[in-house]
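One structure is given below, encoded as structure tokens.
The values are calculated or read from the model by the stated rules, or taken from the named source; none is laboratory data. These figures come from a predicted structure and were not determined experimentally. All Cβ positions, glycine included, derive from the backbone under ideal geometry; neighbour counts span all protein chains shown. Heavy atoms of the whole protein, side chains included, go into the accessibility calculation; ligands, DNA and RNA do not. Shrake-Rupley method; radii C 1.70, N 1.55, O 1.52, S 1.80 Å.
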Amino acid sequence: MSPTLIYIFGGTGDLAHRKLIPALFNLYIDGYLPGPFRIVGIGRTEMAETAYRQEMRKSVKEFSRRPELVAQHWTKFSRTLHFQSHDLNNDKAYKGMASEWKEFQAKHGEEAQVVFYLSVAPQLAPVIARRLHQHKLCADPHRSRMVFEKPFGHDLKSAQELNRLLGRLFREEQIYRIDHFLGKETVQNILALRFANALFEPIWNAHYIDHVQITAAETVSIENRGSYYESSGALRDMVQNHVLQMLCMIAMEAPISFEADEIRNKKLDVLQAIRKMHPEDVHRYTVRGQYAAGWSQGKKVVGYREEKSVDPQSAVETFAAVKFYVDNWRWKGVPFYVRTGKSLPAKETLITVQFKPAPDYAFPEEAAHTWRPNRLVIGIAPKMDIRLRFQAKQPGPHMTLRPVDMVFSYATREQEDCQPEAYETLLQDVIEANPTLFMRADQVEAAWTVIRPIMEVWADKPPVDFPNYAPGTWGPEDAEALIARDGFNWATLPETHPSEAPVKKKKS
Ligand code: NAP
């Protein structure tokens, strides 16, 4: 790999502290960064380089998955870490970058590549893009890349405008739109599970699959992010990107190669096949919610409308549930139920594929009391496992059945420590110019197109029942009704992970 210069615009921000610098540190330890590399954090804050390094050391110690390695590796790593104070609205910052890039190349005696990571508020993205273009910092598509954080647009129109602007200034292969869920090992493993096993593909269709569920639940409330959340909400913040991307991984056709565009084309096909909701159907297929004040996880929670920087009459949803259909041959008539929300009782992201029930007529009535259809449950985070539920005979003289789980787990602590964080995988891909896990312009727009009718109807008809769920519960009752109407119920993970040894009581 050629020498690499990485600019983190927003180097003093939350994302840089919690994710980006810890990820780069881990890539460095594992030898995945190119030989010569230089990281430059940029923010308006006036700060000496030594102070920046100290602050980042603290963050890496707190947020890296391997804090114990800081003492051993930090000094060497930190020599590559720099800080510059600039207002990115001003030209001066970019002039400096052009000369820094030249000097960096001269020092290493070969052409270097440059990555601009825009870890800044989305309003700054067009300004920065124009300046990078103006200063010819991205003129060579093979040696310069830009990373854009979510949200990518606020709706279809703004995403199209941003894509049009970027399309005028750069080549698509230089533009890396991050959806960090796609960097998660468990999400990538869906491809391995589906396409590296002959077992699943023949039954992965409407003939055998009853329905699919995706839950992305958080226990936390909006945590001081009121001003961001007021312009977003659960649908934009989670469904438009992460949830629809997981749906694509489950529903896509088999790729003929792992080329970036082949995978992205197959996912785009899914987004384009998702049935566009008629405005009159939105009420039937969606549920929105907002948490009230109350108690969750033993802590007092203020209601969303009482959070800092939130309108006391806010109509923004902190919970969303939607029933989608993918109108193609494979998924004809199979509902995909998705739900996401804040202040829910568990932090879990999981995908449940429920198969059609087996005919039970051969078994005596009492055997079938605990009859359950087969389920494949994919734990995405924080539990990372795949469990296949099937029927087994309960040991004993009678033919009694019970559902049991067969579990593949990444669960041991040692194994979890070896898992790269999503941002490590994604940063490494950017450095290696591999865009497979990043969103292409057409994918982003297709995802906005899917949720547009919901956004429009929700905006037209403000909710009359907000706040409508207590913190620490699974959202509004209507969300249960959405799936119960079809005879199903939402799946959650069992309380105790079967691969975790039960805690033994110490003998007194
Ligand atoms: P943040 O904590 O508010 O940080 C914003 C950064 O931008 C700061 O470093 C700030 O530096 C810098 N900045 C603002 N205006 C600037 C200017 N004119 N010139 C130079 N620097 C400027 O935001 P964040 O949470 O890190 O989020 C950054 C981006 O990542 C956002 O687009 C967000 O939506 C996205 N994102 C964040 C997370 C997360 O977990 N934090 C997760 C997903 C996506 P100064 O204050 O020093 O100027």
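List of remarks:
- Some residue of segment 363-386 being closer than 28 Å to T186 by Cβ and aromatic (F, W, Y): no
- Residue tally, condition within 11 Å of the ligand (Cβ to nearest atom) and either more than 20 Å from R38 (Cβ to Cβ) or not in a strand (DSSP E or B) (or both), over segment 137-162: 5
- For segment 374-391, a residue qualifies if it is part of a loop (DSSP other than H, G, I, E, B) and touching a residue at least 60 places away in the same chain (Cβ under 8 Å), and the qualifying residues are K383, M384.
- Condition check for E218 on (1) farther than 28 Å from V430 by Cα; (2) within 16 Å of the ligand (Cβ to nearest atom); (3) surrounded by 21 or more Cβ atoms within 10 Å (Cβ to Cβ): one failure, at (3).
One line per residue, one yes/no per condition, for (1) among the small types (G, A, S); (2) open to solvent by 10 Å² or more (accessible area, probe 1.4 Å):
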{"site": "W204", "(1), (2)": "no, no"}
{"site": "N224", "(1), (2)": "no, yes"}
{"site": "H242", "(1), (2)": "no, no"}
{"site": "A273", "(1), (2)": "yes, yes"}
{"site": "V282", "(1), (2)": "no, no"}
{"site": "Q297", "(1), (2)": "no, yes"}
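- Helices (runs of 4 or more DSSP H) fully within segment 54-136 that include at least 2 residues being closer than 25 Å to Y28 by Cβ and either within 16 Å of the ligand (Cβ to nearest atom) or open to solvent by less than 40 Å² (accessible area, probe 1.4 Å) (or both): 70-78, 91-108.
- Among the residues of segment 161-173, those that are out of contact with any strand residue (DSSP E or B) (no Cβ under 9 Å at 6 or more places or on another chain) and open to solvent by less than 60 Å² (accessible area, probe 1.4 Å) comprise L165, L169.
- Complete set of residues in segment 444-471 that are over 29 Å from C248 (Cα atoms) and either surrounded by fewer than 20 Cβ atoms within 10 Å (Cβ to Cβ) or among the aromatic types (F, W, Y) (or both): K461, P462, P463, V464, D465, F466, Y469, A470
- Which listed residue is closer than 27 Å to W329 by Cβ, more than 16 Å from the ligand (Cβ to nearest atom), at pLDDT 95 or above and open to solvent by less than 40 Å² (accessible area, probe 1.4 Å), from E253, E262: E262
- Apart from one condition, T340 fits all of (1) open to solvent by 10 Å² or more (accessible area, probe 1.4 Å); (2) in a strand (DSSP E or B); (3) touching a Phe, Trp or Tyr at 6+ places or on another chain (Cβ under 8 Å); the exception is (1).
- Qualifying positions in segment 163-190 - over 16 Å from the mean Cα position of the chain (by Cα) and either in a helix (DSSP H, G or I) or not basic (K, R) (or both): N163, R164, L165, L166, G167, R168, L169, F170, E172, E173, Q174, I175
- Segment 1-12 - residue that is more than 9 Å from the ligand (Cβ to nearest atom) and of a type in the set (S, T, Y) and, of those, surrounded by the most Cβ atoms within 10 Å (Cβ to Cβ): Y7
- Selection from segment 13-50 of residues that are over 16 Å from H86 (Cα atoms), open to solvent by 10 Å² or more (accessible area, probe 1.4 Å) and either within 12 Å of the ligand (Cβ to nearest atom) or assigned to a helix (DSSP H, G or I) (or both): D14, L15, H17, R18, K19, Y28, I29, T50
- Residue in segment 238-253 that is over 20 Å from K323 (Cα atoms) and touching a residue at least 60 places away in the same chain (Cβ under 8 Å) present: yes
- In the set (1) at pLDDT below 95; (2) touching a Leu at 6+ places or on another chain (Cβ under 7 Å), the condition left unmet by L24 is number (1).
- In segment 287-303, the residues that are more than 25 Å from Y337 (Cβ to Cβ), in contact with a strand residue (DSSP E or B) (Cβ under 8 Å, 6 or more places away or on another chain) and not in a strand (DSSP E or B): A293, G303
- Pairs with Cβ under 8 Å, 6+ apart, first in segment 150-170 and touching a residue at least 60 places away in the same chain (Cβ under 8 Å), second surrounded by fewer than 15 Cβ atoms within 10 Å (Cβ to Cβ): G153/E161; H154/S231
- Members of segment 1-57 that are hydroxyl-bearing (S, T, Y) and without any contact (Cβ under 8 Å) to a residue 24 or more places away in the chain: T50
- For the criterion of being on the phi > 0 side of the Ramachandran plot and open to solvent by 10 Å² or more (accessible area, probe 1.4 Å), G153 passes.
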